[in-house]
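Take a look at the structure below.
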Amino acid sequence: MSATAAPDGSGAPRIVAGLDLGGTKILGRVLDSADPLTALGDIRVDTPKGSDAIIDAVVDLVAALGREAAGKGLPPIEAVGMGAAGLVDKHGVVSFAPNLPGVVDLDLAGLVRERTGLPVVVDNDANTATVAEHRLGAGDRARNLILVTLGTGIGGGLVLDGKLQRGAAGFAGEPGHMVVDPNGPPCPCGRRGCWERFASGSGLGRLARDAAHAGRAPHIVALAGGDPDDVRGEHVTRAADAADAEAIEIMAEFAWWVALGISNLENLLDPEVVVVGGGLAEAGELLLAPTRAAYETLVLGFEHRPPVRIVAAALGQDAGAIGAGLIALDLLAESSVWRRGRAPPP
């Protein structure tokens, strides 16, 4: 689909809503097919607790986005795309979501479709971010790409031979729950030692608290208000940005864990680009430079492999909502093609 034409080939822009449903926030954007990178409407609300409250919040957000679009003289929203944290099947059912307490087997697509009367498509939030970065961001339409999002946890998305891979049930792309230490710290998923316990924002905070309790990292502790138990990942990145030697050392240790997971993914899938997104990607080269250095020592046969680009995501925290809007535009394209009596695009 061209970013400068309507998905049905008519040339008229189509208006959709793209929503990113996370553990703490829901971001909603209004997009049109002519310029999907420009937010024609942008609303953020807190994620409520429980399935019923989430459905109410999503429906209210879609209505608010529609009002915002109408206030700018735009046509009505034609479809809704959503990225949701957790295991999302091919029918838009959120089967399991560790960061959305109480959400199990929630027919998110069906219930929102019923309440709004609009076509709705739902995918995993990291998948929607992958779609956005692949088509419009740092992925630069690479044929083979991995996105890893480093935030509270770790999400991921896979593009192989130019196509997003969802797997048999739709659950592909959960690298954060690769077990890298079976005796490691507990994970919200119920297991121990998942990659995200070491290489997410919470993992960076844990490394720094360990250092603080050992009497190290006074600059980091000072940034946290003086209590080692209050140290978080953002205090480490701020101290490292100020050239604090102990913060830089903690970042290097953390980057090793990031590189461990990336090297495992590289060994398995052989992409030419690894895009690092999520809140921690904002650390830039403070994180990426030591990650690349550690990757060289961890990946199989580094000296015999073609170069792999490990780069920061380009679209920031908006990538999930932008990608959700793009899959909504895809949904319109497919329905338009069906109406004209032709097979939908692969």
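The values are calculated or read from the model by the stated rules, or taken from the named source; none is laboratory data. Treat the numbers as computed from the prediction; the structure is a model and nothing was measured. Counting neighbours? That spans all protein chains shown, and the Cβs are built from the backbone with ideal geometry, glycine included.
The numbered conditions (1) β-branched (Val, Ile, Thr); (2) farther than 26 Å from Glu234 by Cβ; (3) without any contact (Cβ under 8 Å) to a residue 40 or more places away in the chain are all true for Thr291 except (2).
Within segment 176-184, is there a residue that is in contact (Cβ under 8 Å) with a residue 12 or more places away in the chain, crowded, with 24+ Cβ neighbours inside 10 Å and either closer than 26 Å to Ala129 by Cβ or among the polar types (S, T, N, Q) (or both)? Don't jump to the end; show me each part of the working.
Step one: of segment 176-184, the residues in contact (Cβ under 8 Å) with a residue 12 or more places away in the chain are 176-181, 184.
Cutting the leftovers down to crowded, with 24+ Cβ neighbours inside 10 Å gives us 176.
Next, only the ones that are either closer than 26 Å to Ala129 by Cβ or among the polar types (S, T, N, Q) (or both) stay: 176.
Among the residues of segment 176-184, at least one is in contact (Cβ under 8 Å) with a residue 12 or more places away in the chain, crowded, with 24+ Cβ neighbours inside 10 Å and either closer than 26 Å to Ala129 by Cβ or among the polar types (S, T, N, Q) (or both), which makes the answer yes.
Surrounded by fewer than 16 Cβ atoms within 10 Å (Cβ to Cβ) and assigned by TED's automatic domain parsing to the domain that holds Gly284: does that describe Ala242? Spelling it out, Ala242 is indeed surrounded by fewer than 16 Cβ atoms within 10 Å (Cβ to Cβ) and assigned by TED's automatic domain parsing to the domain that holds Gly284.
For residues that are among the hydrophobic types (A, V, I, L, M, F, W, C) and within 14 Å of Gly201 (Cβ to Cβ), tally how many sit in segment 271-285.
Let us first name the residues in segment 271-285 that are among the hydrophobic types (A, V, I, L, M, F, W, C), namely 273-276, 280-281, 283.
With the extra rule that they be within 14 Å of Gly201 (Cβ to Cβ), the set shrinks to 276, 280-281, 283.
Summing the residues that are among the hydrophobic types (A, V, I, L, M, F, W, C) and within 14 Å of Gly201 (Cβ to Cβ) in segment 271-285 gives 4.
Return the residues of segment 212-235 that are small (Gly, Ala, Ser) and either over 16 Å from Glu253 (Cα atoms) or buried (at least 21 other Cβ atoms within 10 Å of the Cβ) (or both); say none if nothing qualifies.
The answer is Ala212, Gly215, Ala217, Ala222, Ala224, Gly225, Gly226, Gly233.
Per the listing Pro48, Pro13, the residue uniquely in contact with a Ser or Thr (Cβ under 6 Å, 6 or more places away or on another chain) and assigned to a loop (DSSP other than H, G, I, E, B) is Pro13.
Scanning segment 117-139 for residues that are closer than 17 Å to Ala312 by Cα, surrounded by fewer than 24 Cβ atoms within 10 Å (Cβ to Cβ) and either in the same structural domain as Ser33 (by TED's automatic domain parsing) or in contact with a strand residue (DSSP E or B) (Cβ under 7 Å, 6 or more places away or on another chain) (or both) yields one hit, Ala138. Since Ile54 meets every condition but one in (1) hydrophobic (A, V, I, L, M, F, W, C); (2) in a strand (DSSP E or B); (3) farther than 18 Å from Ala328 by Cβ, which condition does it not meet? Answer for Ile54: the failing condition is (2).
Could you list, in sequence order, all residues of segment 21-51 that are among the charged types (D, E, K, R) and touching a strand residue (DSSP E or B) at 6+ places or on another chain (Cβ under 7 Å)? Within segment 21-51, Lys25, Arg29, Asp32, Asp42, Arg44, Asp46 meet the criteria. Looking at Arg216, is it farther than 30 Å from Gly162 by Cβ and in a helix (DSSP H, G or I)? Here the answer is no, as Arg216 does not meet what is asked.
Can you name the residue in segment 102-119 that is among the hydrophobic types (A, V, I, L, M, F, W, C) and part of a loop (DSSP other than H, G, I, E, B) and, of all such residues, is modelled with the highest pLDDT? Selected residue: Leu118. In the set (1) among the β-branched types (Val, Ile, Thr); (2) modelled with pLDDT under 95; (3) surrounded by 18 or more Cβ atoms within 10 Å (Cβ to Cβ), Val276 fails one condition alone, (2). Taking the criterion of being part of a helix (DSSP H, G or I) and more than 18 Å from Arg14 (Cβ to Cβ), would at least one residue in segment 81-98 satisfy it? Scanning segment 81-98, I find no residue that is part of a helix (DSSP H, G or I) and more than 18 Å from Arg14 (Cβ to Cβ), so the answer is no.
Quick check on Gly284: is it in contact with a Ser or Thr (Cβ under 6 Å, 6 or more places away or on another chain), of a type outside the set (Phe, Trp, Tyr) and on the phi > 0 side of the Ramachandran plot? First the steps, then the outcome.
On the way: in contact with a Ser or Thr (Cβ under 6 Å, 6 or more places away or on another chain): no; of a type outside the set (Phe, Trp, Tyr): yes; on the phi > 0 side of the Ramachandran plot: yes.
No.
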